[in-house]
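These notes are about the structure you will find just below.
The values are calculated or read from the model by the stated rules, or taken from the named source; none is laboratory data. Keep in mind that this is a model prediction, so the values were computed, not measured. Glycine also receives a Cβ, built like all others from the backbone with ideal geometry; neighbour counts cover every protein chain displayed. Accessible surface areas use protein heavy atoms only, side chains included; no ligands, DNA or RNA. Shrake-Rupley method; radii C 1.70, N 1.55, O 1.52, S 1.80 Å.
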Amino acid sequence: MFEYILLRCINNINGERTTAGIYNLLVGKRSSQTLQDAHAYQLTEFFAIYKSLERTDLMKVINQLIEERKIIITDEDERPRLTAYGSDQLERLSDEWGPLYFNGIKLHEKVTVFEERFYLYIQTITNMKKGKKHFIPITDRPDILKWVKLSYNVNKATLMDHINAIYKELYSLLISVNEKEAALFTYRLTGAGMIGLSKQQLSDMFHLPLHNVHLLMQHLLHQIYQAVEKNPGNYPALSVFIEESKANRLITNSAQKTYLLIKQGMDLETISERRRLKMSTIHDHIVEMALVQSDFPVYLFVSEQEIEEISQVIDELQTNKLKNIYDALQGKFDYFFIRLVQARMQHQKSEAKV
(Lines give C-alpha, C1' and ligand atoms only; values in the text may rest on other atoms or scores of the structure.)
Protein backbone atom coordinates (compact mmCIF):
# COMPACT_ATOMS: atom_id res chain seq x y z
CA MET A 1 0.00 0.00 0.00
CA PHE A 2 2.80 2.44 0.85
CA GLU A 3 4.40 1.96 -2.56
CA TYR A 4 1.04 2.52 -4.24
CA ILE A 5 0.45 5.76 -2.32
CA LEU A 6 3.95 7.06 -3.10
CA LEU A 7 3.60 6.25 -6.80
CA ARG A 8 0.18 7.96 -6.82
CA CYS A 9 1.69 11.07 -5.25
CA ILE A 10 4.64 11.13 -7.66
CA ASN A 11 2.36 10.57 -10.64
CA ASN A 12 -0.04 13.37 -9.69
CA ILE A 13 2.68 15.85 -8.82
CA ASN A 14 4.30 15.10 -12.19
CA GLY A 15 7.75 16.50 -11.47
CA GLU A 16 6.55 19.79 -9.96
CA ARG A 17 7.50 19.13 -6.32
CA THR A 18 10.40 17.50 -4.47
CA THR A 19 10.15 14.52 -2.11
CA ALA A 20 9.91 17.06 0.73
CA GLY A 21 6.51 18.09 -0.61
CA ILE A 22 5.33 14.47 -0.52
CA TYR A 23 6.66 14.05 3.01
CA ASN A 24 4.88 17.22 4.19
CA LEU A 25 1.65 15.94 2.66
CA LEU A 26 1.79 12.51 4.33
CA VAL A 27 2.67 13.85 7.80
CA GLY A 28 0.10 16.63 7.45
CA LYS A 29 2.25 19.74 7.72
CA ARG A 30 -0.15 22.59 8.34
CA SER A 31 1.26 25.11 5.91
CA SER A 32 -0.47 26.96 3.10
CA GLN A 33 1.92 25.39 0.58
CA THR A 34 1.17 21.82 1.69
CA LEU A 35 -2.59 22.46 1.78
CA GLN A 36 -2.41 24.01 -1.67
CA ASP A 37 -0.44 21.04 -3.02
CA ALA A 38 -2.96 18.59 -1.56
CA HIS A 39 -5.79 20.29 -3.42
CA ALA A 40 -3.91 21.19 -6.59
CA TYR A 41 -2.62 17.68 -7.22
CA GLN A 42 -5.81 15.91 -6.07
CA LEU A 43 -4.09 14.24 -3.13
CA THR A 44 -6.30 15.50 -0.30
CA GLU A 45 -7.17 11.92 0.68
CA PHE A 46 -3.56 11.25 1.71
CA PHE A 47 -3.09 14.41 3.81
CA ALA A 48 -1.82 13.48 7.31
CA ILE A 49 -2.45 9.74 6.98
CA TYR A 50 1.09 8.99 8.21
CA LYS A 51 1.89 11.55 10.92
CA SER A 52 4.60 9.39 12.50
CA LEU A 53 6.56 8.93 9.27
CA GLU A 54 10.25 9.85 9.56
CA ARG A 55 11.86 11.63 6.62
CA THR A 56 14.77 9.17 6.63
CA ASP A 57 12.35 6.23 6.38
CA LEU A 58 10.59 7.85 3.44
CA MET A 59 13.90 8.37 1.65
CA LYS A 60 14.80 4.69 2.12
CA VAL A 61 11.66 3.71 0.22
CA ILE A 62 12.24 6.44 -2.38
CA ASN A 63 15.79 5.17 -2.96
CA GLN A 64 14.44 1.64 -3.29
CA LEU A 65 11.99 2.81 -5.95
CA ILE A 66 14.90 4.42 -7.79
CA GLU A 67 16.94 1.21 -7.62
CA GLU A 68 13.96 -0.73 -8.96
CA ARG A 69 13.74 1.82 -11.80
CA LYS A 70 10.18 2.77 -10.98
CA ILE A 71 11.04 6.44 -10.51
CA ILE A 72 13.85 8.78 -11.46
CA ILE A 73 15.17 11.88 -9.69
CA THR A 74 17.54 14.18 -11.55
CA ASP A 75 20.29 15.96 -9.65
CA GLU A 76 19.22 19.30 -11.14
CA ASP A 77 15.78 19.66 -9.55
CA GLU A 78 15.46 16.72 -7.09
CA ARG A 79 11.88 16.16 -8.25
CA PRO A 80 10.77 12.53 -8.65
CA ARG A 81 9.02 11.32 -11.80
CA LEU A 82 7.61 7.95 -12.78
CA THR A 83 9.39 5.84 -15.36
CA ALA A 84 7.40 3.84 -17.91
CA TYR A 85 7.92 0.80 -15.67
CA GLY A 86 6.74 2.82 -12.67
CA SER A 87 3.57 3.80 -14.54
CA ASP A 88 2.89 0.14 -15.26
CA GLN A 89 3.42 -0.70 -11.60
CA LEU A 90 1.06 2.08 -10.53
CA GLU A 91 -1.62 0.73 -12.83
CA ARG A 92 -1.15 -2.78 -11.42
CA LEU A 93 -1.27 -1.55 -7.83
CA SER A 94 -4.35 0.55 -8.60
CA ASP A 95 -6.19 -2.63 -9.52
CA GLU A 96 -5.01 -4.23 -6.28
CA TRP A 97 -5.68 -1.38 -3.84
CA GLY A 98 -8.30 0.84 -5.41
CA PRO A 99 -10.57 2.35 -4.37
CA LEU A 100 -9.23 3.54 -1.02
CA TYR A 101 -11.31 5.07 1.75
CA PHE A 102 -8.80 7.61 3.05
CA ASN A 103 -10.12 11.14 3.55
CA GLY A 104 -7.18 12.69 5.32
CA ILE A 105 -7.86 16.35 4.61
CA LYS A 106 -11.20 16.18 6.42
CA LEU A 107 -10.83 13.34 8.88
CA HIS A 108 -7.22 12.96 10.01
CA GLU A 109 -7.75 14.54 13.44
CA LYS A 110 -11.26 13.12 13.89
CA VAL A 111 -10.04 9.60 13.12
CA THR A 112 -7.20 9.99 15.63
CA VAL A 113 -9.65 10.99 18.36
CA PHE A 114 -12.00 8.15 17.37
CA GLU A 115 -9.12 5.65 17.52
CA GLU A 116 -7.78 6.76 20.90
CA ARG A 117 -11.23 6.97 22.46
CA PHE A 118 -12.19 3.53 21.19
CA TYR A 119 -9.03 1.68 22.20
CA LEU A 120 -8.91 3.23 25.69
CA TYR A 121 -12.64 2.66 26.19
CA ILE A 122 -12.35 -1.03 25.30
CA GLN A 123 -9.42 -1.32 27.70
CA THR A 124 -11.46 0.40 30.42
CA ILE A 125 -14.75 -1.47 30.14
CA THR A 126 -13.14 -4.91 29.86
CA ASN A 127 -10.96 -4.27 32.90
CA MET A 128 -13.85 -2.89 34.92
CA LYS A 129 -16.01 -5.86 33.94
CA LYS A 130 -13.30 -8.13 35.39
CA GLY A 131 -13.14 -6.01 38.53
CA LYS A 132 -9.69 -4.62 37.70
CA LYS A 133 -9.90 -0.94 38.65
CA HIS A 134 -6.15 -0.27 38.47
CA PHE A 135 -4.45 -0.51 35.08
CA ILE A 136 -2.07 1.57 33.00
CA PRO A 137 -4.09 3.42 30.31
CA ILE A 138 -2.82 3.05 26.76
CA THR A 139 -2.96 6.81 26.21
CA ASP A 140 -2.12 9.74 28.45
CA ARG A 141 -4.00 12.42 26.52
CA PRO A 142 -6.03 14.32 29.17
CA ASP A 143 -8.98 14.98 26.85
CA ILE A 144 -9.24 11.29 25.90
CA LEU A 145 -8.92 10.15 29.53
CA LYS A 146 -11.64 12.60 30.60
CA TRP A 147 -13.98 11.55 27.81
CA VAL A 148 -13.58 7.84 28.54
CA LYS A 149 -14.16 8.36 32.27
CA LEU A 150 -17.37 10.31 31.64
CA SER A 151 -18.61 7.81 29.05
CA TYR A 152 -17.94 4.88 31.34
CA ASN A 153 -19.89 6.50 34.18
CA VAL A 154 -22.84 7.00 31.83
CA ASN A 155 -22.90 3.34 30.75
CA LYS A 156 -21.66 1.43 33.80
CA ALA A 157 -25.18 0.65 35.07
CA THR A 158 -25.86 -1.39 31.92
CA LEU A 159 -22.28 -2.33 31.14
CA MET A 160 -22.86 -5.83 29.77
CA ASP A 161 -25.56 -4.66 27.36
CA HIS A 162 -23.26 -1.83 26.30
CA ILE A 163 -20.33 -4.20 25.67
CA ASN A 164 -22.56 -6.51 23.60
CA ALA A 165 -23.84 -3.59 21.51
CA ILE A 166 -20.30 -2.41 20.69
CA TYR A 167 -19.27 -5.98 19.83
CA LYS A 168 -22.21 -6.55 17.46
CA GLU A 169 -21.75 -3.25 15.63
CA LEU A 170 -18.00 -3.70 15.30
CA TYR A 171 -18.40 -7.28 14.11
CA SER A 172 -20.89 -6.22 11.44
CA LEU A 173 -18.32 -3.74 10.12
CA LEU A 174 -15.27 -5.99 10.31
CA ILE A 175 -16.82 -8.92 8.41
CA SER A 176 -17.35 -6.65 5.42
CA VAL A 177 -13.82 -5.22 5.14
CA ASN A 178 -10.40 -6.51 4.11
CA GLU A 179 -9.66 -9.58 6.27
CA LYS A 180 -6.05 -8.60 6.97
CA GLU A 181 -7.06 -5.10 8.05
CA ALA A 182 -9.70 -6.53 10.38
CA ALA A 183 -7.13 -8.89 11.92
CA LEU A 184 -4.60 -6.09 12.47
CA PHE A 185 -7.29 -3.98 14.13
CA THR A 186 -8.37 -6.82 16.42
CA TYR A 187 -4.86 -7.82 17.52
CA ARG A 188 -4.21 -4.18 18.37
CA LEU A 189 -6.95 -4.15 21.03
CA THR A 190 -5.94 -4.10 24.68
CA GLY A 191 -8.32 -5.61 27.23
CA ALA A 192 -8.45 -7.25 30.63
CA GLY A 193 -5.65 -9.80 30.82
CA MET A 194 -4.33 -9.11 27.30
CA ILE A 195 -2.11 -6.43 25.80
CA GLY A 196 -2.59 -5.27 22.24
CA LEU A 197 0.31 -6.01 19.91
CA SER A 198 2.65 -3.24 18.83
CA LYS A 199 2.91 -2.34 15.16
CA GLN A 200 6.32 -4.01 15.05
CA GLN A 201 4.84 -7.20 16.50
CA LEU A 202 2.05 -7.07 13.94
CA SER A 203 4.63 -6.56 11.21
CA ASP A 204 6.44 -9.70 12.31
CA MET A 205 3.26 -11.74 12.75
CA PHE A 206 1.76 -10.90 9.35
CA HIS A 207 5.07 -10.60 7.47
CA LEU A 208 4.24 -7.06 6.42
CA PRO A 209 6.46 -3.99 6.11
CA LEU A 210 5.95 -1.70 9.10
CA HIS A 211 4.73 1.08 6.79
CA ASN A 212 1.94 -1.13 5.51
CA VAL A 213 0.84 -2.10 9.01
CA HIS A 214 0.33 1.55 9.87
CA LEU A 215 -1.42 2.41 6.61
CA LEU A 216 -3.69 -0.65 6.60
CA MET A 217 -4.83 0.17 10.13
CA GLN A 218 -5.37 3.83 9.29
CA HIS A 219 -7.29 2.84 6.18
CA LEU A 220 -9.64 0.65 8.19
CA LEU A 221 -10.16 3.38 10.77
CA HIS A 222 -11.08 5.85 8.03
CA GLN A 223 -13.49 3.30 6.59
CA ILE A 224 -15.12 2.55 9.95
CA TYR A 225 -15.35 6.24 10.85
CA GLN A 226 -17.08 7.15 7.59
CA ALA A 227 -19.52 4.24 7.84
CA VAL A 228 -20.51 5.23 11.39
CA GLU A 229 -20.65 8.95 10.61
CA LYS A 230 -22.84 8.36 7.55
CA ASN A 231 -25.29 6.02 9.32
CA PRO A 232 -25.18 6.74 13.08
CA GLY A 233 -28.61 5.17 13.49
CA ASN A 234 -27.16 1.82 12.39
CA TYR A 235 -24.24 2.15 14.82
CA PRO A 236 -25.55 3.91 17.94
CA ALA A 237 -22.93 2.38 20.25
CA LEU A 238 -20.00 3.28 17.97
CA SER A 239 -21.33 6.72 17.01
CA VAL A 240 -20.60 8.04 20.50
CA PHE A 241 -16.87 7.76 19.75
CA ILE A 242 -17.16 10.34 16.96
CA GLU A 243 -15.89 13.70 18.07
CA GLU A 244 -18.38 16.51 18.38
CA SER A 245 -18.28 19.00 15.51
CA LYS A 246 -15.71 21.74 16.00
CA ALA A 247 -14.12 24.48 13.94
CA ASN A 248 -11.91 23.22 11.15
CA ARG A 249 -8.58 22.42 12.76
CA LEU A 250 -6.72 22.65 9.49
CA ILE A 251 -6.76 26.39 10.09
CA THR A 252 -3.94 27.34 12.43
CA ASN A 253 -4.66 29.58 15.42
CA SER A 254 -2.45 32.26 13.95
CA ALA A 255 -4.40 32.28 10.68
CA GLN A 256 -7.68 32.50 12.60
CA LYS A 257 -6.40 35.58 14.45
CA THR A 258 -5.45 37.22 11.16
CA TYR A 259 -8.85 36.45 9.63
CA LEU A 260 -10.65 37.86 12.68
CA LEU A 261 -8.86 41.17 12.18
CA ILE A 262 -9.73 41.13 8.46
CA LYS A 263 -13.41 40.64 9.29
CA GLN A 264 -13.14 43.63 11.61
CA GLY A 265 -12.18 45.71 8.58
CA MET A 266 -8.48 46.07 9.27
CA ASP A 267 -6.17 46.39 6.26
CA LEU A 268 -3.26 44.01 5.76
CA GLU A 269 -0.53 46.55 6.50
CA THR A 270 -2.11 47.38 9.86
CA ILE A 271 -2.56 43.68 10.67
CA SER A 272 1.09 43.04 9.85
CA GLU A 273 2.21 45.84 12.17
CA ARG A 274 -0.20 44.95 14.95
CA ARG A 275 0.69 41.27 14.92
CA ARG A 276 4.38 41.98 14.30
CA LEU A 277 4.42 39.53 11.40
CA LYS A 278 5.90 39.82 7.93
CA MET A 279 3.46 40.58 5.13
CA SER A 280 4.39 37.26 3.51
CA THR A 281 3.15 35.50 6.67
CA ILE A 282 -0.14 37.41 6.58
CA HIS A 283 -0.50 36.38 2.92
CA ASP A 284 0.12 32.75 3.93
CA HIS A 285 -2.67 33.02 6.50
CA ILE A 286 -5.12 34.33 3.93
CA VAL A 287 -4.25 31.61 1.42
CA GLU A 288 -4.60 29.05 4.21
CA MET A 289 -8.14 30.28 4.94
CA ALA A 290 -9.01 30.31 1.24
CA LEU A 291 -7.87 26.70 0.86
CA VAL A 292 -9.90 25.44 3.81
CA GLN A 293 -13.07 27.53 3.39
CA SER A 294 -14.82 27.11 0.03
CA ASP A 295 -16.81 30.32 0.63
CA PHE A 296 -13.80 32.43 1.56
CA PRO A 297 -14.25 35.96 0.07
CA VAL A 298 -11.21 36.12 -2.22
CA TYR A 299 -12.82 39.16 -3.88
CA LEU A 300 -11.59 41.18 -0.89
CA PHE A 301 -8.10 40.91 -2.36
CA VAL A 302 -8.48 40.19 -6.09
CA SER A 303 -11.14 41.39 -8.51
CA GLU A 304 -13.31 39.18 -10.75
CA GLN A 305 -11.48 40.50 -13.81
CA GLU A 306 -8.11 39.61 -12.27
CA ILE A 307 -9.43 36.18 -11.27
CA GLU A 308 -10.57 35.56 -14.84
CA GLU A 309 -7.23 36.62 -16.32
CA ILE A 310 -5.16 34.51 -13.92
CA SER A 311 -7.51 31.52 -14.24
CA GLN A 312 -7.23 31.57 -18.02
CA VAL A 313 -3.43 31.37 -17.88
CA ILE A 314 -3.52 28.55 -15.31
CA ASP A 315 -5.92 26.58 -17.52
CA GLU A 316 -3.74 27.14 -20.58
CA LEU A 317 -0.50 26.11 -18.86
CA GLN A 318 -2.01 23.13 -17.00
CA THR A 319 0.54 23.53 -14.22
CA ASN A 320 0.55 24.48 -10.54
CA LYS A 321 4.11 25.83 -10.55
CA LEU A 322 3.83 29.40 -9.36
CA LYS A 323 6.92 30.66 -11.21
CA ASN A 324 5.66 29.37 -14.56
CA ILE A 325 2.29 31.06 -14.01
CA TYR A 326 3.94 34.25 -12.77
CA ASP A 327 6.23 34.38 -15.81
CA ALA A 328 3.35 33.70 -18.23
CA LEU A 329 1.49 36.65 -16.70
CA GLN A 330 4.68 38.71 -17.26
CA GLY A 331 4.89 39.64 -13.59
CA LYS A 332 1.61 41.52 -13.73
CA PHE A 333 0.25 39.81 -10.60
CA ASP A 334 1.87 39.08 -7.26
CA TYR A 335 2.36 35.46 -6.20
CA PHE A 336 -0.23 36.11 -3.46
CA PHE A 337 -2.95 36.83 -6.04
CA ILE A 338 -2.05 33.74 -8.06
CA ARG A 339 -2.22 31.50 -4.98
CA LEU A 340 -5.64 32.89 -4.06
CA VAL A 341 -6.98 32.21 -7.54
CA GLN A 342 -5.51 28.70 -7.41
CA ALA A 343 -7.36 28.09 -4.14
CA ARG A 344 -10.63 29.33 -5.65
CA MET A 345 -10.19 27.15 -8.75
CA GLN A 346 -9.44 24.09 -6.63
CA HIS A 347 -12.69 24.50 -4.71
CA GLN A 348 -14.58 24.88 -7.98
CA LYS A 349 -13.07 21.64 -9.32
CA SER A 350 -13.99 19.79 -6.12
CA GLU A 351 -17.59 21.07 -6.31
CA ALA A 352 -17.80 20.07 -9.98
CA LYS A 353 -16.75 16.50 -9.10
CA VAL A 354 -19.45 16.26 -6.46
* May I ask for the distance between the Cα centers of region 143-174 and region 278-349, given as a whole number of Å? => 47 Å
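Where only protein heavy atoms count, and the probe is 1.4 Å, what is the accessible area per residue for region 84-203 in Å²?
58 Å²
Is it possible to state the helix-based mean residue ellipticity at 222 nm for the chain, with each DSSP H run of 4+ residues giving -39500 (n - 2.57), the sum divided by total residues, to the nearest 500 deg cm²/dmol? What is it?
When only DSSP H runs of four or more count, the value is -20500 deg cm²/dmol.
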* Hey, which aspartates and glutamates would be in cross-link range of K278, C-alpha to C-alpha under 13 Å, not counting anything within fewer than 8 residues on its own chain? -> E269
* Nearest-ten-degree value, helix 55-67 long axis tilted from longest Cα axis of the chain -> 70 degrees
* Structure fact -> Whole-percent carbon and sulfur contribution to the accessible surface of region 158-289 (1.4 Å, no ligands, DNA or RNA) stands at 53 percent
* Considering the dipole of region 273-354 built from charges on the beta carbon (Lys and Arg +1, Asp and Glu -1) around the Cα centre, which of V302, M289, L317 is farthest to its positive end? -> M289
* Structure fact -> Over region 228-339, with neighbouring protein chains present, the accessible area per residue in Å² at probe 1.4 Å is 59 Å²
* Asked: Based on Cβ point charges of +1 for Lys and Arg and -1 for Asp and Glu, what charge dipole magnitude is obtained for the chain about its Cα centre, in debye rounded to the nearest 20?
  -> 1740 debye
* **Under 15 Å, Cβ to Cβ, from E308 - net charge with Lys/Arg +1 and Asp/Glu -1** => -3
* Structure fact -> So the carbon and sulfur contribution to the accessible area of region 90-129, 1.4 Å probe, in percent, is 49 percent
* Folded to 0 to 90 degrees: helix 335-353 orientation relative to the chain principal axis, Cα -> 50 degrees
* So what is the relative contact order of region 1-157, in percent, for Cα pairs below 8 Å that sit 6 or more residues apart? -> 23 percent
* Structure fact -> Of all stretches in the chain that avoid trypsin sites (Lys or Arg not before Pro) placed in a DSSP loop and having at most 10 other Cβ atoms within 10 Å, the longest is 1-132
* Residue farthest toward the positive end of the dipole of region 39-170, with Cβ of Lys/Arg at +1 and Asp/Glu at -1: which of T124, L107, T44? -> T124
* Cα lying deepest toward the dipole's positive end in the chain, options H207, L90, Q330, charges on Cβ -> H207
* Cross-link partners of K230 among lysines (Cα-Cα below 20 Å; sequence separation of 8 or more within a chain) -> K106, K110, K168, K246, K353
* To do: Averaging sequence separations of C-alpha pairs under 8 Å and six or more residues apart, then dividing by the length of the chain, give the relative contact order as a whole percent.
  => 17 percent
* Net charge, Q89 excluded, C-beta distance under 9 Å - Lys, Arg +1, Asp, Glu -1 -> -2
* Alpha-carbon centroid distance for the pair region 94-118 / region 1-45, whole angstrom -> 16 Å
* With each pseudo-label sitting 7 Å past Cα toward Cβ, what's the K149-Q312 distance in nm, one decimal? -> 6.4 nm
* Asked: For the cross-link pairs K263/K349; K51/K257; K29/K132; K51/K332, which exceed 32 Å when the distance is taken from alpha carbon to alpha carbon?
  -> K29/K132; K51/K332
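Sort out the exposed loop GluC sites (Glu not before Pro) in the chain (DSSP loop, at most 14 other Cβ within 10 Å) and tell me the longest stretch that has none.
That would be 79-243.
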* What relative contact order, as a whole-number percentage, does region 224-322 give when Cα pairs under 8 Å and 6 or more residues apart are counted? -> 19 percent
* Fluctuation leader among A38, A157, A183 - the chain, Gaussian network, Cα springs under 10 angstrom -> A157
